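Let me begin by presenting the structure, written as structure tokens, before commenting on it.
The values are calculated or read from the model by the stated rules, or taken from the named source; none is laboratory data. Keep in mind it's a predicted model, so treat the numbers as computed, not measured. Cβ: placed from backbone, ideal geometry, glycine included. Neighbour counts: every protein chain shown. For accessibility, only protein heavy atoms count, side chains too; no ligands or nucleic acids. Shrake-Rupley method; radii C 1.70, N 1.55, O 1.52, S 1.80 Å.
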Amino acid sequence: MAYPFKEIEPKWQAWWEKQGTYHAKDPSETGQEKFYGLIEFPYPSGEGLHVGHPRSYTAIDIISRKRRMQGKNVLYPIGWDAFGLPTENFAIKTKQPPAKVTAKNVANFTRQIKMLGLGFDWSREINTTDPEYYKWTQWMFIKFFDSWFDEKMQKARPMAELVVPKEVEDRGADAVREYRDSKRMAFKQKTVINWCPKDKIGLANEEAAGGVCDRCGGPVEKREKEQWMLRITAYAERLIKELDQVDYLEKIKTSQVNWIGRSEGALIDFVIARNPMTKQSTVDCHAPSNSARNDSVVKVFTTRPDTLFGATYMVLAPEHPLVAEWLESGAIKNVKEVKAYQTKANKKSDLERQENKEKTGVELEGLKAINPATKKEIPIWIADYVLSGYGTGAIMAVPAHDERDFEFAKKFKLPIMEVVKAPALDKVFNADVSVSEALQGEFRVKADCWVGEGIATNSEFLDGLETSKAIEKMIVWLEKEKIGEKKVTYKLRDWVFSRQRYWGEPIPMVHCDHCGWVPIDESELPLLLPEVKAYEPTDTGESPLATIKDWVKAKCPICKGPARRETDTMPNWAGSSWYFLRYCDPHNQDHFASDFALKYWMPVDLYNGGMEHTTLHLLYSRFWYKVLFDLGHIPSSCGNEPYKVRRSHAMILGEGGIKMSKSKGNVVNPDEMVEKFGADVFRTYEMFIGPYDMDAPWSDKDIQGVRRFLDKVWAVGQANLEHQASKTDGKTRTLSVPGVDAEDSQPYDLVFHQTIKKVGEDIDGLHFNTAVSQLMILTNELQGKALRSLDFRSYIKMIAPFAPHLAEELWHQLGNENSIHLEAWPEYDETKLVVESVTVAIQVNGKLRGEVKVKIDSDQATVQPAAEQEPSVKKYLDGQKVKKVIYVKNKIINFIV
RNA sequence: GGGCCAGUGGCGGAAUGGUAUACGCAACGGACUUAAAAUCCGUGGCCGCAAGGCGUGUGGGUUCAACUCCCACCUGGCCCACCA
């Protein structure tokens, strides 16, 4: 009997909407506990819904439905992350306003999501491009601008609480402003940015990973630009440490930690000598420290300060500010060569750097650095294998102990000194002998000699624990001598927050010649995104907003003098960094959400999203939340992490296991699937397709199996409805099964209660595929059987989260008027799970030889004789001496002969 | 180069250290039908007539017992990548 989804599904979708079945209850009107389930709100692209979207939406829908049936007040909201490039690019191409494109896409997505019967609370729908929404994004930006990071307290605090040091104050108003600006959580900085020449847009490091534009896939260049930045690096430590408080998949935590990239080491000062005494860095252990010649210091970061003795040269990133300084002061002799190299390195995209890892570099002639441990003069080079953005942008090169340095040294014939014999280092420090003494004594340093390839990584010194001990001692020594200090660095960089594009939130700042950057008055929010004639980005690197003269012209909120609006917009990540807060109280006019609502709903109980967002969105939104939390905009009872649990879904691949793509022509359209099979089959199939956290290929054949399954459920439902009716009207129906007495135990009882147990546990554990298979097993068992009326109700309830329309229909046919989705989730009866007998497997020497049916919980004394008598076993035991018998109750008995 | 994950029938996939292959797909045999589709019943790891043997990527190890735990490796996928 086929399940008539075409009539049934639209009917109930309309009814749920009218009834508000899935609306979260106002916390002031209920004493219920809350459950906040969240999926990453979609970007409404022109492509429409991908079959991958419903996989996670349905999964969290199922959990939300179960929680609701378990008595929770459920918040399962939906909205649109609608600012951003694809829409803007499409708008440019088709010459339409992006807002219009967005509205169209949202309408299409809404239609598609609604046809799937997902239990979203549409009364809380939000849209990041809605001024009522981005008003608060802008408001939050102002809060970022108006706060600073207190290192001691490890938290953001309002600007008003920043104490300006006396000596700064003495230097006047400009100095104070500069000081304050240097501390802000949102600040403007000239940075080398990743520039995509095709999209004409600055990209965050995260969006330019691999030297390739995240948007268009083209190569990325470097450009210098003043950009708004958010000081996420200040939170690096907390973003790692506070992961302790949350339940994320371990791999998610790992990738966050790796992305932040914490490393411990030391900052070491290298004094720079001009007019060096020696051309060659030959051994000169007692080079006089003539401070008159030493006019600057280069700080390097290293994780291996213990190898300092082996530092035979130094390398700066080509962009290192000191290089420019030295060029200007004439300290560098080979100016032409150095400048040429700088230009070349600057033009090179990250992609080219990656493809060609051949080391290049130029020595800075006329300068030497002094190795603070050996006191020897060492050459200074610039090379693009040193990155300006990490550490100090300068390294001490230890070719004997670092592969990259080794390669470089080999190529440019630089000295390689191996630091050997860790025990000697112990002696040096314990005996308190001077370093130069150590050099001549046990501490052997091979100077100016070539060592064979491979030795760099095979040194005894690198083995075992000695390294970490040596590092510790070295740092103690550096700090004592005041030439270095312990230092922690991170790969994480500050968040580039400006985009030179149209379709984003305007940054609510104006620039005044007198007062500098000033936020607009909060009463002027939202600062509306004005309409422009052309959305194309300009070649000058300015946003199209810059072309609207009237809009750019503004008044300084402080001095009322003429000012100029910021014309850059915010990145796509802005709106998605806090949307889960707005869901708590989406219609609030006075605040982004009331404390009352936040206290009730936050934190999110279950957040699901793709692995592709674990390093960007997840990190950004945790950071954003922490800043708001620190500033007191989120009640402290919510805790300082926004998401209690984070899980990830995997992809649905095309048939054959390759990624779906238009070019491959293997894209499955949800519209067609729902048209053909209905929403319930589609949902249930996506849950059955495989383990939730693993990629799984779509199969047009397999979905048929799920259709058959729901047809069977429908048939069981219809048969039992007739049976229930016959009890009332006394007519004989198609069922040949006798009436069911509520007191009698039924042949289906065991499987039935096993199913209640397993389905419940599997939903909670996100094992949807095995939950569906268990429902299949039960449904097969129930073929042609009449159920107790209570069991029939429980059966429909178990189906309800997976196939909500079908279940609702059966429920109403049964004479109920309320929604099944508001009914209580069934509970299993422990006593019904007890079986009387079990089959015990019999092994001889670990090989399966037979089985025997025995009463449950039989002891060895009962089972062993029975097992020995089994004919299939007996022949293996006859004439053998049984050495040992292992018996595992209700499972197995193993004879060792 | 680094990190993470996976490898089980023809296919998607099940298995708290205890009878490997549940559930589904495809296949095959049968029923129903004028016929097909749909539906229903049945069969099924591999070799072998059988007894039996062999089987969860490969090789070791721990154990009475390993898909499961440990070590080494192979293959595939994803992410990151000159991060000092």
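Okay, here's what the table says:
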quantity: Failed condition for A:N356, given (1) polar (S, T, N, Q); (2) more than 13 Å from RNA strand B (Cβ to nearest atom); (3) surrounded by fewer than 16 Cβ atoms within 10 Å (Cβ to Cβ); calculated: (2)
quantity: Close pairs from segment A:487-498: first more than 19 Å from A:G391 (Cβ to Cβ), partner among the charged types (D, E, K, R) and in a loop (DSSP other than H, G, I, E, B), Cβ under 6 Å, at least 6 apart; calculated: A:S498/A:D568
quantity: Matching residues, segment A:170-191, being outside any helix (DSSP H, G or I) and open to solvent by less than 80 Å² (accessible area, probe 1.4 Å); calculated: A:G172, A:S182, A:K183, A:R184, A:M185, A:A186, A:F187, A:K188, A:Q189, A:T191
quantity: Residues located in segment A:299-320, provided they are over 22 Å from A:E418 (Cβ atoms), more than 9 Å from RNA strand B (Cβ to nearest atom) and not in a strand (DSSP E or B); calculated: A:P318, A:E319, A:H320
quantity: Pair list, Cβ under 6 Å, 6 or more apart: segment A:759-778 residue under 20 Å from A:V716 (Cβ atoms), other residue crowded, with 19+ Cβ neighbours inside 10 Å and among the small types (G, A, S); calculated: A:V759/A:A771
quantity: Every residue from segment A:157-169 that is surrounded by fewer than 10 Cβ atoms within 10 Å (Cβ to Cβ) and either touching a residue at least 40 places away in the same chain (Cβ under 8 Å) or over 29 Å from A:L628 (Cα atoms) (or both); calculated: A:K166, A:E167
quantity: Options A:E686, A:E722; residue that is in a helix (DSSP H, G or I) and touching a strand residue (DSSP E or B) at 6+ places or on another chain (Cβ under 8 Å); calculated: A:E686
quantity: Candidates A:F5, A:F41 - the one that is more than 16 Å from RNA strand B (Cβ to nearest atom) and on the phi < 0 side of the Ramachandran plot; calculated: A:F41
quantity: Subset of segment A:820-854 [exposed (fewer than 12 other Cβ atoms within 10 Å of the Cβ) and basic (K, R)]; calculated: A:K847, A:K853
quantity: Among (1) touching a strand residue (DSSP E or B) at 6+ places or on another chain (Cβ under 6 Å); (2) open to solvent by 40 Å² or more (accessible area, probe 1.4 Å) - the single one A:K676 does not satisfy; calculated: (1)
quantity: Number of positions in segment A:466-487 that are in contact with a helix residue (DSSP H, G or I) (Cβ under 8 Å, 6 or more places away or on another chain) and not hydroxyl-bearing (S, T, Y); calculated: 13
quantity: Residue check for A:F629: open to solvent by 30 Å² or more (accessible area, probe 1.4 Å) and touching a helix residue (DSSP H, G or I) at 6+ places or on another chain (Cβ under 8 Å); calculated: yes
quantity: Sole residue being β-branched (V, I, T) and out of contact with any Lys or Arg (no Cβ under 9 Å at 6 or more places or on another chain), chosen from A:I507, A:I558; calculated: A:I558
quantity: Checklist (1) closer than 24 Å to A:G690 by Cβ; (2) open to solvent by less than 10 Å² (accessible area, probe 1.4 Å) applied to A:G52, failing item; calculated: (2)
quantity: Residue within segment A:658-672 that is within 11 Å of RNA strand B (Cβ to nearest atom), surrounded by fewer than 16 Cβ atoms within 10 Å (Cβ to Cβ) and at pLDDT below 90 present; calculated: yes
quantity: Test: residue in segment A:835-842 that is within 52 Å of the chain's Cα centre (by Cα) and either away from RNA strand B (no atom under 14 Å from the Cβ) or part of a loop (DSSP other than H, G, I, E, B) (or both); calculated: yes
quantity: Yes/no for A:K891 being charged (D, E, K, R) and within 12 Å of RNA strand B (Cβ to nearest atom); calculated: yes
quantity: Long-range neighbours under 6 Å by Cβ, at least six apart or interchain, first residue farther than 16 Å from A:L322 by Cα and open to solvent by less than 10 Å² (accessible area, probe 1.4 Å) within segment A:298-311, second within 11 Å of RNA strand B (Cβ to nearest atom) and β-branched (V, I, T); calculated: A:P305/A:I471; A:D306/A:I471; A:T307/A:V398; A:G310/A:V398; A:A311/A:V398
quantity: Residue satisfying all of: in segment A:362-400; under 43 Å from the mean Cα position of the chain (by Cα) and free of Cβ contacts under 8 Å to residues at least 60 places away in the same chain; most open to solvent (accessible area, probe 1.4 Å) among these; calculated: A:E363
quantity: Filter pass, A:A719 being open to solvent by 30 Å² or more (accessible area, probe 1.4 Å), away from RNA strand B (no atom under 11 Å from the Cβ) and closer than 18 Å to A:E809 by Cα; calculated: no
quantity: Filtered residues of segment A:674-704 (kept if touching a helix residue (DSSP H, G or I) at 6+ places or on another chain (Cβ under 8 Å) and farther than 17 Å from A:D61 by Cβ); calculated: A:F677, A:G690, A:P691, A:D702, A:I703
quantity: Of all residues in segment A:856-888 being charged (D, E, K, R), away from RNA strand B (no atom under 14 Å from the Cβ) and closer than 18 Å to A:V838 by Cα, the one that is farthest from the chain's Cα centre (by Cα); calculated: A:E868
quantity: Meets criteria (within 11 Å of RNA strand B (Cβ to nearest atom) and either in a helix (DSSP H, G or I) or modelled with pLDDT of 90 or more (or both)) for A:V323; calculated: no
quantity: Segment A:87-112, subset of a type in the set (D, E, K, R) and closer than 15 Å to A:L529 by Cβ, residue least open to solvent (accessible area, probe 1.4 Å); calculated: A:E88
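Residues checked against (1) among the hydroxyl-bearing types (S, T, Y); (2) open to solvent by 20 Å² or more (accessible area, probe 1.4 Å); (3) without any contact (Cβ under 8 Å) to a residue 60 or more places away in the chain; (4) more than 14 Å from A:W136 (Cβ to Cβ):
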residue	(1), (2), (3), (4)
A:T569	yes, no, no, yes
A:G575	no, no, no, no
A:D585	no, yes, yes, no
A:F592	no, no, no, no
A:A597	no, no, no, no
A:W601	no, no, no, yes
A:D605	no, yes, no, yes
A:G609	no, no, no, yes
A:T615	yes, yes, no, yes
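Rundown of residues vs (1) under 22 Å from A:G705 (Cβ atoms); (2) of a type outside the set (V, I, T); (3) away from RNA strand B (no atom under 16 Å from the Cβ); (4) open to solvent by 20 Å² or more (accessible area, probe 1.4 Å), yes/no style:
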{"residue": "A:N780", "(1), (2), (3), (4)": "yes, yes, no, yes"}
{"residue": "A:S789", "(1), (2), (3), (4)": "no, yes, yes, yes"}
{"residue": "A:K797", "(1), (2), (3), (4)": "no, yes, yes, yes"}
{"residue": "A:P804", "(1), (2), (3), (4)": "yes, yes, yes, no"}
{"residue": "A:G815", "(1), (2), (3), (4)": "no, yes, yes, yes"}
